[in-house]
Amino acid sequence: MDLWLLLIIGAFVGAAFFIYRMYTSQKTATKASGDDYSSSSSDSDSEPEEEIEEREFTLEELHKYNGIDSPEKKIYVSVCGKVFDVTGSGFYGPNETYDMFAGHESSVALAKNELKPSLLDQMDLSSLNAFEKDQLNSMFSHFEFKYRVVGWLKEFEEANKKDK
């Protein structure tokens, strides 16, 4: 009876270890896609992130980062004037769910939770109601947590300067 109990426990521990190994190797494989939270990763064998100096973008420059027109096929999305690299996320590339946001300032569309091209590249957030501002804050936090910041949008900064 004790032998059977040891075999069952051994099988359970072996299965748990196998599942753990499958999960960790799968997590490591997805890091290259840019969709994981690589800045919070603690894997010691992961490659260091490429250093990118944040810079100012004009709206015209940002439009080139749509996954098609940029030389490296990079995809950038601006939220509240902060430009994020969303390349490889599986959401913003050509023919993907949120491809309309690629290469655009998307704050108003995200705040209103609407996929309308007419809401892109709007710099004035003063028309948003309290619910929409909360939604935008939530989406901004999501982008900050999940994607790397590569710069800021000049026109957004200028449109939202506070009068001194």
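FYI, it's all coordinate maths here, none of it is from the lab. This is a predicted model, so every value here is computed, not measured. Don't worry about glycine lacking a Cβ; one is built from the backbone with ideal geometry, like all the others, and counts go over all protein chains shown.
Okay, residues lined up against (1) acidic (Asp, Glu); (2) without any contact (Cβ under 8 Å) to a residue 24 or more places away in the chain:
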| position | (1), (2) |
| --- | --- |
| Phe57 | no, no |
| Glu60 | yes, yes |
| Glu96 | yes, yes |
| Leu120 | no, yes |
| Asn137 | no, yes |
| Phe143 | no, no |
| Val149 | no, no |
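Taking region 82-128 as the search range and keeping residues that are part of a loop (DSSP other than H, G, I, E, B) and of a type in the set (Asp, Glu), which one is farthest from Asp69 (Cα to Cα)? Here the residue is Asp124. Asn113 satisfies every condition listed in (1) on the phi > 0 side of the Ramachandran plot; (2) of a type outside the set (A, V, I, L, M); (3) more than 18 Å from the chain's Cα centre (by Cα) except (3).
Being within 25 Å of Lys161 (Cα to Cα) and charged (D, E, K, R) holds for only one residue in Asp124, Asp99, and it is Asp124.
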